């Protein structure tokens, strides 16, 4: 299956809703990690940020979801992601991917997420095995 | 407001020997993976179903550990995350996780310095490796 995922194939995008503070809090609860810079504006602004911001792991989870929408039966064997920009409440992320290589069942995919201003907030690579 | 009180403290000065002493420090944790937890994680990013890959973020409740060492987790950023997965993790599994600081160093930049801490982690199920990960944290100090 999925023979169409050859080098150069773009994956179907996933666009998030505008990320709310509630969404950030919900993710923090789900991973049981309550660093207040993602939850409390007073703490975040005391460190010079304009507000709370999303944890990099949340972007990772959205990109993971984009990938599993495209390749529901593939097993991820590696996942690397580099955070480039802060993600603020109100931001809308579009998670994207393109197949860079395919050898038998192993697919390497470049992945990234852009915000509504067209800035890339994180990028990396995922390897899947079908 | 406990966090605000914490912020008013001067950030702990970190010496070269402190950084050296961080290298090799370990944290070992054990997690019982529950179905409801997987569902909650999937739903938090809008999925109706469970995530097919259990996300190692679940095993990364390390910020108190690092704070106790002296890293300011309010200003530290996750610069990069890399994971490799060897087998699936499912509800009902018990995953033992070992975190280890493998690098800690500083780099001078204009107007201050950057502190880098690299943590390698490994997850095991019944003694067999299920994932390994590496994360780079960066804290800016002025």
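Summary of values
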{"quantity": "Point-to-point label distance, residue A:15-residue A:98, nm (Cα→Cβ direction, 7 Å offset)", "calculated": "2.0 nm"}
{"quantity": "Packing-based exposure ordering (other Cβ within 10 Å, fewest first) of A:26, A:117", "calculated": "A:117, A:26"}
{"quantity": "Length added when fully stretched, residue A:86-residue A:25, from 0.36 nm per residue minus Cα-Cα", "calculated": "20.3 nm"}
{"quantity": "Linear extension gain, residue B:96 paired with residue B:13, 0.36 nm per residue minus alpha-carbon span", "calculated": "26.6 nm"}
{"quantity": "Projected label distance in nm at residue B:142 and residue B:35, using a 7 Å step from Cα toward the beta-carbon", "calculated": "5.2 nm"}
{"quantity": "GNM result for chain A, Cα springs below 10 Å: residue of A:89, A:55, A:36 fluctuating most strongly", "calculated": "A:36"}
{"quantity": "Helix axis angle, A:56-70 relative to chain A longest principal axis, alpha carbon, degrees", "calculated": "30 degrees"}
{"quantity": "Cβ-Cβ FRET estimate between residue A:4 and residue B:79, R0 fixed at 35 Å, reported to 0.05", "calculated": "0.55"}
{"quantity": "Chain A: relative contact order as a whole-number percent, Cα under 8 Å and 6+ apart", "calculated": "31 percent"}
{"quantity": "Residue exposure sequence - B:130, B:136 - by fewest surrounding Cβ within 10 Å", "calculated": "B:136, B:130"}
{"quantity": "Dimensionless Rg over Rh [the stretch A:44-112; C-alpha; Kirkwood]", "calculated": "1.07"}
{"quantity": "Ascending count of other beta-carbon atoms within 10 Å, so fewest first, for B:66, B:114", "calculated": "B:114, B:66"}
{"quantity": "Protection proxy ranking of B:77-87, A:96-106 - average other beta-carbon atoms within 10 Å, highest first", "calculated": "B:77-87, A:96-106"}
{"quantity": "Simple label model, 7 Å out from Cα along Cβ direction - residue A:32 to residue B:108, nm", "calculated": "4.4 nm"}
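The numbers here are math on the coordinates, done by the rules we state, and not lab data. Computed from a prediction, not measured in an experiment: that's the story for all the values here. Every residue, glycine among them, receives a Cβ derived from its backbone with ideal geometry; neighbour counts consider all protein chains shown.
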